[in-house]
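Below is one structure, written out as structure tokens, with a few remarks after it.
The values are calculated or read from the model by the stated rules, or taken from the named source; none is laboratory data. Owing to the predicted nature of the structure, the values given are computational and were not obtained by experimental measurement. All Cβ positions, even for glycine, are placed from backbone atoms using ideal geometry, and neighbour counts span all protein chains on display. SASA here: full protein model, heavy atoms, side chains in, ligands and nucleic acids out. Shrake-Rupley method; radii C 1.70, N 1.55, O 1.52, S 1.80 Å.
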Amino acid sequence: MGDKVLTDGDMVLFLPVFSPAMVLVQPGKIPGSGPACIGGRKICVDGDEGQVSVPGCTYMTPSHPIPGVGTLKIASLAGDQKARTTQTGGKPVLLKGGMFTAKFEVATPAQQPTPGGPVPDATAQYSGQGQFIPVNQQVSAS
């Protein structure tokens with residue numbers, strides 16, 4: 001049995017834990033670039049996940065409690081999020097599937113308060129997870 005096909009504008013939800021960082025996540029949307037449509041919305045195909053970007057999210061870590069800011073992105077899809085047999089425009093369609101690997105890219109580092117002044121977080125990127133929430137509830141693929 002297949003899973004629901006993703007379409008243009010479907011919700012991308014990131015989990016707030018990017019250990020050890022905690023991110024005040026905001027939802028994103030995935031664009032669809034496939035030639036086929038479901039309900040007037042273009043189908044998402046392999047590569048569209050790379051266009052997801054949610055800038056302006058604040059974060060902090062246990063050692064750096066003064067918040068910083070960064071961007072949420074999709075690092076890689078789970079094995080069940082890319083159709084094995086169904087394609088459109090020569091590319092596999094994207095499916096709801098399980099959890100994808102997310103990345104949080106730091107733009108402005110969080111700060112650690114010290115007597116000598118704040119010390120910035122030296123980590124440039126954190127890993128986490130997220131999932132898709134498809135509008136389409138009728139069409140599945142595998």
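Of everything in segment 80-105 that is in a strand (DSSP E or B) and among the basic types (Lys, Arg), the residue that is least open to solvent (accessible area, probe 1.4 Å) is Lys103.
Gly40 passes every criterion in (1) surrounded by fewer than 19 Cβ atoms within 10 Å (Cβ to Cβ); (2) touching a residue at least 40 places away in the same chain (Cβ under 8 Å); (3) under 15 Å from Asp10 (Cβ atoms) apart from (2). Residues in segment 106-117 that are open to solvent by 50 Å² or more (accessible area, probe 1.4 Å) and closer than 21 Å to Gln26 by Cβ: Ala107, Thr108.
In segment 14-29, the residues that are farther than 19 Å from Pro134 by Cβ never reach a residue that is among the acidic types (Asp, Glu) and at pLDDT 95 or above with C-beta atoms less than 8 angstrom apart, at least six apart or across chains. Annotation: of all residues in segment 43-65 being under 16 Å from Thr108 (Cβ atoms) and among the aliphatic types (A, V, I, L, M), the one that is least open to solvent (accessible area, probe 1.4 Å) is Val54. Please go through segment 124-142 and give me each residue that is closer than 17 Å to Pro16 by Cα, open to solvent by 50 Å² or more (accessible area, probe 1.4 Å) and either of a type in the set (Lys, Arg) or touching a residue at least 24 places away in the same chain (Cβ under 8 Å) (or both), ordered by number. If the condition is that a residue be closer than 17 Å to Pro16 by Cα, open to solvent by 50 Å² or more (accessible area, probe 1.4 Å) and either of a type in the set (Lys, Arg) or touching a residue at least 24 places away in the same chain (Cβ under 8 Å) (or both), then Ser127, Gln129, Gln131, Ile133 are the ones that fit.
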